[in-house]
Amino acid sequence: MISDQKSVHSSDDLEPVAGNGLLHRRVFLTGGIGLAAIALTEPASAEPLPIESWMKVPGAGFDGYGKPSKYEEKLARTWNTAPGTTGTGAARTPLHLLDGMITPNGIHFERSHSGIPDINPDTHRLLIHGLVKRSLIFTLEDLERYPRESRIAFLECGGNGQLLYQKEPVAAGVQAIHGLASCAEWTGVKLSVVLQEAGVDPKAKWILAEGADAAGMSRSIPLAKAMDDALIALYQNGERVRPSNGYPMRLLLPGYEGNMNVKWLRRIKLTEGPTMTKDETSKYTVTLPDGKSLQFVLPQEGKSVITRPSPGLTLKQSGLYEISGLAWSGYGKITQVEVSADGGKSWAKAALQSPVLSKALTRFRIPWRWNGGPAVLKSRATDETGYVQPTRDKLIAMRGSRAIYHCNAITTWAVSEKGEVKHVYA
């Protein structure tokens, strides 16, 4: 095994490239062949495998809709609801328990302002009106007749990561701090197609998108975005959009903050300027240190987070580990993720797992030889525009301590000698 390892990796690959045991990403870029040769623990001896109990009897039958294994019960969302309500709040994705870039539909994050409406798709309608040559009303069946496109895109709540604005680090992990972000393949009709069919008045510069929930959630969106990559999404990862994510149709605005991707879409009005709805004046603005607020901060800025190891995932013994996480940017593709194991004193480039797509979650990985001592883990993303993820101190200097939204600061995990991981500021 050791001789095979040498043929795949040079000795330089197996030497630390940054402080506290980070190894060269080339170990993963070449397929990771031979990694067991540098692990500090040996695999079990090759003994005959036992005949297990489940091999002696026929297994379960078929199911109308497949379910996860009963041994994966921990893979579930957590949620909070506003007092006195049953559906106003948010449910968070367990990003630390996932791999790859796609989020399964059943654990895609959810944010609702007045619960999930029970919409009959046969009677639901989408109205296009305002500054158009002719108003149009679409049924779901009407939209099904149009050419469809698919986009793999992340969705992230504007308030995701807001716990990092707090004065002291919270005793929480990836799901509680960053779980309001998910990524899926969305399939539907380009919004520009139906707008062009309605005939866009040259005076129109914005649209108002409104949902069919009891809160009447609505947001103003630049017409330029609507005519670019916006989608009326009908399908989510190949099946109909889930009720919690907008059934029977939702707006998809790749890269824009989550609430602008209006769910249960029922109305689009073309306007000369922003409508200044309750959902974009009472909240979803960025408060600055001088007390002023920025409105229409629309793309989610470049960001990354280490998902393994992270709080709740204890390292059992010293040896070779993979540091893995997710990076994303509303500005475009992620081009680089750097990882530090010594609190930011030194950095090493992580391998980006293919495919690396614009405005989608990107998985990064780097090998790490943990020596059993304390470590402080960080990740830092850069996107194709050159935007670099800021430190927490830098972000607070720009936004102040009263901010809530658009927190994309670097997140720090501390690993103790016992292998326990906790959230810290460093």
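The values are calculated or read from the model by the stated rules, or taken from the named source; none is laboratory data. Only a predicted model underlies this, so the values are computations on that prediction, with no experimental measurement involved. As a convention, Cβ positions derive from the backbone with ideal geometry for all residues, glycine included, and neighbour counts pool all protein chains shown. Each accessible area value is taken on the protein alone, full model and side chains, heavy atoms only, with ligands, DNA and RNA left out. Shrake-Rupley method; radii C 1.70, N 1.55, O 1.52, S 1.80 Å.
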Within segment 330-355, the count of residues that are among the basic types (Lys, Arg), more than 13 Å from Tyr387 (Cβ to Cβ) and in a loop (DSSP other than H, G, I, E, B) comes to 1
With Lys263, Lys303 as the choices, which residue is within 25 Å of Arg392 (Cα to Cα) and not hydrophobic (A, V, I, L, M, F, W, C)?
Lys303
Close pairs from segment 167-182: first open to solvent by 20 Å² or more (accessible area, probe 1.4 Å), partner modelled with pLDDT under 95, Cβ under 8 Å, at least 6 apart:
Lys167/Ser401
Return yes when Lys205 is touching a residue at least 12 places away in the same chain (Cβ under 8 Å), open to solvent by 40 Å² or more (accessible area, probe 1.4 Å) and basic (Lys, Arg) and no when it is not.
yes
Quick check on this structure: which one of Ala360, Ala397, Ala327, Ala381 is assigned to a loop (DSSP other than H, G, I, E, B) and either in contact with a strand residue (DSSP E or B) (Cβ under 6 Å, 6 or more places away or on another chain) or open to solvent by 60 Å² or more (accessible area, probe 1.4 Å) (or both)?
Ala360
Unmet requirement for Ile152, which otherwise passes all of (1) of a type in the set (A, V, I, L, M, F, W, C); (2) open to solvent by 20 Å² or more (accessible area, probe 1.4 Å); (3) farther than 18 Å from Asn237 by Cα:
(3)
From the option list Tyr321, Tyr405, single residue qualifying as assigned to a loop (DSSP other than H, G, I, E, B) and aromatic (Phe, Trp, Tyr) is Tyr405
With the first residue restricted to segment 86-103 and required to be open to solvent by 40 Å² or more (accessible area, probe 1.4 Å), and the second required to be of a type in the set (D, E, K, R) and modelled with pLDDT of 95 or more, Cβ contacts under 6 Å at 6 or more apart or on different chains are Arg92/Arg77
State the number of residues belonging to segment 184-197 that are out of contact with any Phe, Trp or Tyr (no Cβ under 9 Å at 6 or more places or on another chain) and buried (at least 21 other Cβ atoms within 10 Å of the Cβ).
2
Mind listing whichever residues of segment 277-310 are modelled with pLDDT of 95 or more and open to solvent by 50 Å² or more (accessible area, probe 1.4 Å)?
Arg308
Scan segment 69-85 for residues that are surrounded by 10 or more Cβ atoms within 10 Å (Cβ to Cβ) and either touching a residue at least 12 places away in the same chain (Cβ under 8 Å) or assigned to a strand (DSSP E or B) (or both) and jot them down.
Leu75, Ala76, Arg77, Thr78, Trp79, Asn80, Thr81, Thr85
